Each structure stands twice: as C-alpha cells, then as structure tokens.
Amino acid sequence: MISIDTVLVKLASRCNLDCDYCYVYRMGDDAWKLQPKLISRDTVQALGRNLARLVSSQGRPLSIVFHGGEPLLIGARRFEEICADLRRELPSPVGLHVQTNGLLLTDAVIDICARHDVGISISLDGPASIHDRHRLDRRGRASHHAVMAAIARVLSHPKGDSLLTGLLCVIDLNVDPRDVYAFFKTTGTASVDFLYRDGNHDVLPVGKSSILSTEYGDWMVRLLDTYLVDASPIRIRLLDDMLRLILGGRAVKEGVGDDEYGILVVETDGSITKNDTLKSAGGTDRFDGAWSVHDDIVDLVTSSSFETYHREQRPSSPTCLSCPDLTICGGGMPAHRWSAANGLDNPSVFCADQKRLIERMRTHLSLGRAA
Ligand code: SF4
C-alpha cells in the first residue's frame, strides 16, 4: 500500500487576501465557490477517525497541514476544537501544522498552537516593497506590516523558536535574491522555503520567456552563491534538499528527488482530492468517483484511481527518464509538467532552470567554492 505522508486540510475555502499569483482563486478554477466557507466539526471528527485507521494500517505517521484559503478564518474557538479533536484521535508523532498568511495569528491562536503542538509556517514574500506588490487584501490594502507583527508575536512566545517552523516565499524575479535573503535573515526565522511561480507548458510561469530560458535558474543560482558563502545561514529547504540529493542523500519534501510522496487534500465539505496545485493543470486535481472523509481512506489509497494519481506524480517523459539529473530534479511538480496536448507527459516547465541550478551546485561541491 502507498503511504500517505501529508494531508492538507482546508479549514476555510475563502481567503482574507487576494494574492495575484494564487493557484486557488486566480487560475480559472471556481470550484471553491461551491464549497462551504468553513469546515464543520463533524467533518473534522470523521477525518480524525479515518486517519487514525489509515495510520494504523500503513504503520507510518503522517502530517496534517491546515490550509485554505486562509485556515485561521475558522476562528480561534473552532481552531482549538479542531486541534483537540485531531490530537485525541491522532496522538504524536502525527504532526499538525498550519500554513497561514499571518493576519489572524493572534496571541490566542499562538497559545492554541503551543498547547496542541501545531507548527506555524507563515507566507511572506520578502520586504514590504516586494510582498505588498503581490499580497494585498480585497480592498487593495498592504499586508506586510501585519505579517511582520505576527512573526514577532510567534517568536516572542516562550515556545516561539519551535512553533515557527519557517517562512514561505514565492519568488519575484524582479528583485535581487541577495536582498531577499538579507531581508529574511532579519526576520528571526531559522528557515525559509522558496516557491517558483506556478505555470505549465501552455501558460508559462510569470517572468519565464520560453521553455528554454533560465530566469528562475539564474535567480536561484544567485541565491545559492549568496547562501553558500554565508557563515551563519538560515536554512533554505529547497537548496538544502537539492544539495543533499547531489551528495547521495534524500530530500525532505516533495518537489525534487525521486522519492515518492503521498498527498491528499480535504476540502471544507469533506471531499478528498489530489494535490490541489493540479488545479492549475487543467483541473486534474479530482479523483475518479467522489471520495470523502466518510469513506474509508484505506479503500481510497488502495484504489486504482489512487494508483493512477500516484503514477502521474512520477516523471514519465522520455526526456526525464533518460536525464542524468533525474534523481536530483525528480522531473518537477506534476502541475509544472502539464500541457493540454500531452497531459503530464512532459519535462518540468522549469527543466532548463533546474539544469542550470544543478550544474552550479555541482561546481560548488567539486570546487569547494565556485569561481
Ligand atoms: S525536468 Fe529536465 S532536469 Fe528535470 S529530470 Fe526532466 S529532463 Fe531532467
């Protein structure tokens, strides 16, 4: 049986920000409009019981990530109920995490996270001049100041260092990565993760001029060069994962490498879908048949529909299968491989970028330090 590592649970189907690159609300899939605004307690309790059976059956723990929309729109009282319900059904080492834009991260919510051992990851795109270009609310108001205040509140909590699991930054190619890195070092975070802008072979990611161009690779190379000469760096998960893979180790998260990951998404109505980044890939995020938290998830994970989903995540293009960098790159996220003509049977739209970055990493590792 394929193991599930991560279950993204949408506590809210709406968001209090209107980010210009959002794959949920800005990529032409309006299914969220049909979802209840908030998940119900019954749905969470059914999910908890179901996941307890799954964990027992697969013999491995998993992580639950509260997602949205903005998950904290659920409100502090219901958030505490949800954490308590899931902790009752799924004791440690099942991980609980929340991915939030930070705007509703009050002291009360931070205390709830501390009580129930919920790791907090906050979305922040860099200094205000970058973040507030993209992450505005529906009335066009900036959010950077509030997010920075939220980070400070988490870090001032007695358990702050362990509660803040990291910051998540979507790359803006117009900004010097050295400035972005220098900014993140001032935030007090121990780690930051960088995400490429979403796109595929039919709709190129913003800033990428052609399939063969390397704007993202060039940006990441400049970030890498800065990172590797920093004597007291903050961790950059994506670069660490790729460097470890080149050295023969393993990645810790999906996106690179050839380890297989099992990811499910639970919508606010309790329906279960594939990784929702596939919304930007022709709406390929739905399973055949309608699965929900009221079905046995073990049945879903052992179904032919799930096997197809799992197979789709493996690289299938002949270019990738014969690529010397396959074990490091992994062929890219499925959403980044998609085209209307070939489905997921393409190299990543970031293929040239990844090759550029991997080549630079190899140079660093072979020389100790690149020229
Ligand atoms: S996407 Fe490109 S770099 Fe990555 S495995 Fe496929 S061919 Fe290799």
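Read-outs throughout are calculated quantities, based only on the coordinates presented, and are distinct from any laboratory measurement. Given the structure is predicted, the values throughout are model-derived calculations rather than measurements. Cβ placement follows ideal geometry from the backbone for every residue including glycine, while neighbour counts extend to all protein chains displayed.
Assorted remarks:
- Cross-link reach list, aspartates and glutamates versus residue 185, counting only Cα pairs under 16 Å and skipping chain neighbours closer than eight places: 125, 161, 176, 193, 225, 230
- Relative contact order for the chain, counting Cα pairs under 8 Å that sit 6 or more residues apart, in percent: 19
- The alpha carbons of the chain stretch over 57, 48, 39 Å along the principal axes, in descending order.
- Among the trypsin sites (Lys or Arg not before Pro) within segment 190-255, those in coil by DSSP and having at most 12 neighbouring Cβ atoms inside 10 Å are 250.
- Taking a point 7 Å from the Cα of residue 20 along the Cα-to-Cβ direction, none of the residues of segment 54-85 has its backbone N closer than 14 Å to it.
- Of the beta bridges in segment 6-367, as assigned by DSSP with both residues counted there, near 15 percent are antiparallel.
- Cross-link partners of residue 274 among lysines (Cα-Cα below 30 Å; sequence separation of 8 or more within a chain): 10, 33, 37, 208, 253, 355
- On the basis of the beta-carbon distance and an R0 of 41 Å, residue 115 and residue 359 show a calculated FRET efficiency of 0.30.
- The charge dipole of the chain, taken about its Cα centre with unit charges on the Cβ atoms of Lys, Arg (+1), Asp and Glu (-1) only, comes to about 580 debye.
- Lys/Arg +1, Asp/Glu -1 at C-beta; segment 6-367 dipole; positive extreme among 328, 302, 221: 221
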